[in-house]
Amino acid sequence: MAAIFVEPIIGGNGVIIPPDGYLQGMRALCDEYGILMVSDEVMTGWGRTGAWFAVEHWGVSPDMITLSKGVTSSYFPLGAVLVNDRIAKHFDQNVLSCGSTNCAHPIGCAAASASIDVYQQENLVNNSAVMGSLLYEKLLELKEKHRTIGDVRGKGLFSAIEFVEDRSTKEPLDDLGPAVKLLREKGFWTMNRRHILIVAPPLIISREELQESLLILDDVLTQLKL
Ligand SMILES: Cc1ncc(COP(=O)(O)O)c(C=O)c1O
């Protein structure tokens, strides 16, 4: 049987959000041709995008979801795969003949269980959605103000700012290194992928903390004339 793997929002290349209909179309093609749809939610899972899993934004049910990072809040290394009933039932009768040294590690599973409790008790998926809207609004304001911002995009607390030399040609800005360094010195921890700055604060962030951090970002861009 064939399978197709998809990151519903591509993280590593700069938070690329698919157009509406893209994932639904992929689901329909998978159904038509009997292909399993596997959603890689290693980055996007566990509330990062303002929903438990990013596929929910488009009402799509994959056959499998791969998970890591947020499953334990990243306090302990753990990966997991969610499967639908049809696949799960297959393994009621068949052995899954693979293994790994740390499979079902008790500390990893305990960390996952505790993290999920906190996500629920502290309503963090909703916080990601609400703070994410504010974040996106503020990023649009920064785009108005700073000439090198070519694009901003985001869902929940998973967002990116794309820096360009020239908005009309979209030529990428050469070097974001000094900006990332200065941001860190001022307490704004982030990472860049070439000319793209990833902005993905913790799900517990408050409105005040978000506003404070975006002021730092604004200051740094002003200081570096970006
Ligand atoms: C989207 C995505 N998929 C898969 C992986 C690989 O996950 P792991 O390191 O848990 O094997 C990563 C790692 O960063 C990732 O970001």
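For residues in region 190-215 being at pLDDT below 95 and assigned to a loop (DSSP other than H, G, I, E, B), which is farthest from residue 43 (Cα to Cα)?
In the first step, residues of region 190-215 are kept if they are at pLDDT below 95; the result is 190-194.
Checking which are assigned to a loop (DSSP other than H, G, I, E, B) leaves us with 190, 194.
On the way: 190: 15, 194: 19 Å.
Residue satisfying both the conditions and the ranking: 194.
The condition (being small (Gly, Ala, Ser), within 10 Å of the ligand (Cβ to nearest atom) and either assigned by TED's automatic domain parsing to the domain that holds residue 135 or touching a residue at least 24 places away in the same chain (Cβ under 8 Å) (or both)) is satisfied by just one residue among 80, 51, 3: 80.
The lone criterion from (1) among the charged types (D, E, K, R); (2) at negative phi; (3) not in a helix (DSSP H, G or I) left unmet by residue 225 is number (2).
Out of all the residues in region 87-109, which are free of Cβ contacts under 8 Å to residues at least 24 places away in the same chain, within 16 Å of residue 68 (Cα to Cα) and of a type in the set (Gly, Ala, Ser)? Scanning region 87-109 gives 100, 104.
Scanning region 19-48 for residues that are of a type in the set (A, V, I, L, M) and either away from the ligand (no atom under 16 Å from the Cβ) or not assigned by TED's automatic domain parsing to the domain that holds residue 73 (or both) yields a total of 5. Just to be sure I understand the filter: pairs with C-beta atoms under 8 Å, separated by 6 or more residues or on different chains, first member in region 33-45 and under 10 Å from residue 68 (Cα atoms) and in contact (Cβ under 8 Å) with a residue 24 or more places away in the chain, second member of a type in the set (Gly, Ala, Ser) and more than 10 Å from the ligand (Cβ to nearest atom). Which pairs pass? Final answer for the pair search is 41/54; 44/54; 45/54; 45/70.
Looking across 145, 155, one residue alone is more than 24 Å from the chain's Cα centre (by Cα) and under 26 Å from residue 129 (Cβ atoms). It is 145. Among the residues of region 151-193, those identified as farther than 24 Å from residue 212 by Cα and surrounded by 13 or more Cβ atoms within 10 Å (Cβ to Cβ) are 164, 165, 167, 172, 173.
The values are calculated or read from the model by the stated rules, or taken from the named source; none is laboratory data. Keep in mind the model is a prediction, meaning the values are calculated, not measured. Here the Cβ is made from the backbone with ideal geometry for all residues, glycine too, and neighbour counts use every protein chain on show.
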